[in-house]
1. Would you check if VAL241 is crowded, with 21+ Cβ neighbours inside 10 Å and either out of contact with any helix residue (DSSP H, G or I) (no Cβ under 9 Å at 6 or more places or on another chain) or among the hydroxyl-bearing types (Ser, Thr, Tyr) (or both)?
2. Quick check on my filter: what residues within segment 161-204 are under 17 Å from the mean Cα position of the chain (by Cα), closer than 23 Å to GLY148 by Cβ and of a type in the set (A, V, I, L, M, F, W, C)?
3. Could you please let me know if THR222 is touching a Lys or Arg at 6+ places or on another chain (Cβ under 9 Å), in contact (Cβ under 8 Å) with a residue 40 or more places away in the chain and surrounded by fewer than 20 Cβ atoms within 10 Å (Cβ to Cβ)?
4. Which of (1) of a type in the set (A, V, I, L, M, F, W, C); (2) free of Cβ contacts under 8 Å to residues at least 40 places away in the same chain; (3) closer than 15 Å to LYS212 by Cα does VAL228 not meet, given it meets every other one?
5. Select from segment 99-123 the residues that are surrounded by 14 or more Cβ atoms within 10 Å (Cβ to Cβ), modelled with pLDDT under 65 and of a type in the set (A, V, I, L, M, F, W, C) and list them in ascending order.
6. Which of the residues spanning segment 65-74 are buried (at least 17 other Cβ atoms within 10 Å of the Cβ) and either closer than 23 Å to SER166 by Cβ or not hydroxyl-bearing (Ser, Thr, Tyr) (or both)?
7. How about segment 36-78: which helices (runs of 4 or more DSSP H) wholly inside it have at least 3 residues that are within 17 Å of TYR309 (Cα to Cα)?
8. What are the residues in segment 140-163 that are in a loop (DSSP other than H, G, I, E, B) and at pLDDT 95 or above, if any?
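The values are calculated or read from the model by the stated rules, or taken from the named source; none is laboratory data. The shown structure was predicted, so the numbers you read here are calculated from the model rather than taken from an experiment. Cβ coordinates were reconstructed from backbone atoms using ideal geometry, including for glycine residues, and neighbour counts include every protein chain displayed.
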Amino acid sequence: MFFLSFASSLMLAYTLQVVADPLPAAPATRRAGVSDVTKMSATDVADLTPYAHFAHVAYCSPYTVNEWNCASCLELSDFEVSLAGGDGDDIQFYYVGYWPTKNTVVVAHQGTDLTSVEAIDTDANESLKRPDSKLFPGVKSDVQLHSGFADEHAKTASIILKEVKSLLSKHGAKSVTLVGHSLGGALSEIECLFMTLNLPSNIAIKGVTFGKPRVGNPAWATFFDSKVPDFQRVNNRLDFVPINPDRQLGFSHTHGEVHIVSDDDVVRCPGKCDEDDTHDECTLRSVPDMSSGDPLDHLGPYNGVLIGYC
């Protein structure tokens, strides 16, 4: 299995706490000769930074999150936590709260803790299965999800949905933002569609993920794209997690790739799924196989933010 084979390499990355500089400014420009691959402006890149901080916080224990006492917490000083849970093993850490800056409810999920056998088992369960029809009403029978990710999402789906509904009502918010890194990004992708199907149609759903693996089959990606237009999956340099599980196993990414090519070069890739993103600047061509990747890049930096530990 992919996640078992790369765990020892990635463990090294999680022990390196390197302080990185933010990405420098870059004007928005269209790539000459490369259709629809767009270099992001400095403003657009900077706009991703708070979401990277939210994803970073998700690796902290519920106690730390409730106290809102961590490095990234200080960067999001107006955020109001209402629920934090998980044990980091059987159930990944997660938290829910209200972000006044954007008048949105935020849900964030922890990525893989490589010291947790349960978390690694979740990643390694790469079979495909139909989503639970009670959680995903109206989804067609050809849509399939990574079994480990689907099972993990189901453990907290109801309690998180209940909290989200409560916060939407309390604050009069009209949007929900789902954030996560690695396994947490996979859970957030699933939750984007789950929220879309279980909340009123006037509630906008936004997803921002970092270093996310593939989550479902092509039918999942197509259905997701039709329902969740506001979605960005940020990939860093030569991170090889986003090229897994392999497409030959029946997996496909959704739309929305943002690729950090280098410190001063961040691009939006145009494909509706990763099979379309065959430009040199996008991940599929930059990291064609595991041997081409670098496990350190999975941690970031994502505009100066390293993600993967609290």
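1. Details: crowded, with 21+ Cβ neighbours inside 10 Å: yes; either out of contact with any helix residue (DSSP H, G or I) (no Cβ under 9 Å at 6 or more places or on another chain) or among the hydroxyl-bearing types (Ser, Thr, Tyr) (or both): no.
Spelling it out, it is not the case that VAL241 is crowded, with 21+ Cβ neighbours inside 10 Å and either out of contact with any helix residue (DSSP H, G or I) (no Cβ under 9 Å at 6 or more places or on another chain) or among the hydroxyl-bearing types (Ser, Thr, Tyr) (or both).
2. Pass one, segment 161-204, residues under 17 Å from the mean Cα position of the chain (by Cα): 176-196.
From what's left, closer than 23 Å to GLY148 by Cβ: 178-196.
Selection gives LEU178, VAL179, LEU183, ALA186, LEU187, ILE190, CYS192, LEU193, PHE194, MET195.
3. Details: touching a Lys or Arg at 6+ places or on another chain (Cβ under 9 Å): yes; in contact (Cβ under 8 Å) with a residue 40 or more places away in the chain: yes; surrounded by fewer than 20 Cβ atoms within 10 Å (Cβ to Cβ): yes.
Taking the combined requirement at face value, the residue satisfies it.
4. Unmet condition: (3).
5. Within segment 99-123, ALA119, ILE120 qualify.
6. The first filter runs over segment 65-74 and keeps only residues buried (at least 17 other Cβ atoms within 10 Å of the Cβ), leaving 65, 68, 70, 72-73.
Passing the criteria: VAL65, TRP68, CYS70, CYS73.
7. Numbers: elements: 42-47, 49-57, 62-67, 71-75.
The qualifying helices (runs of 4 or more DSSP H) are 49-57, 62-67, 71-75.
8. Our first condition is that a residue be in a loop (DSSP other than H, G, I, E, B); within segment 140-163, this holds for 140-144.
Scanning segment 140-163 gives ASP142, VAL143, GLN144.
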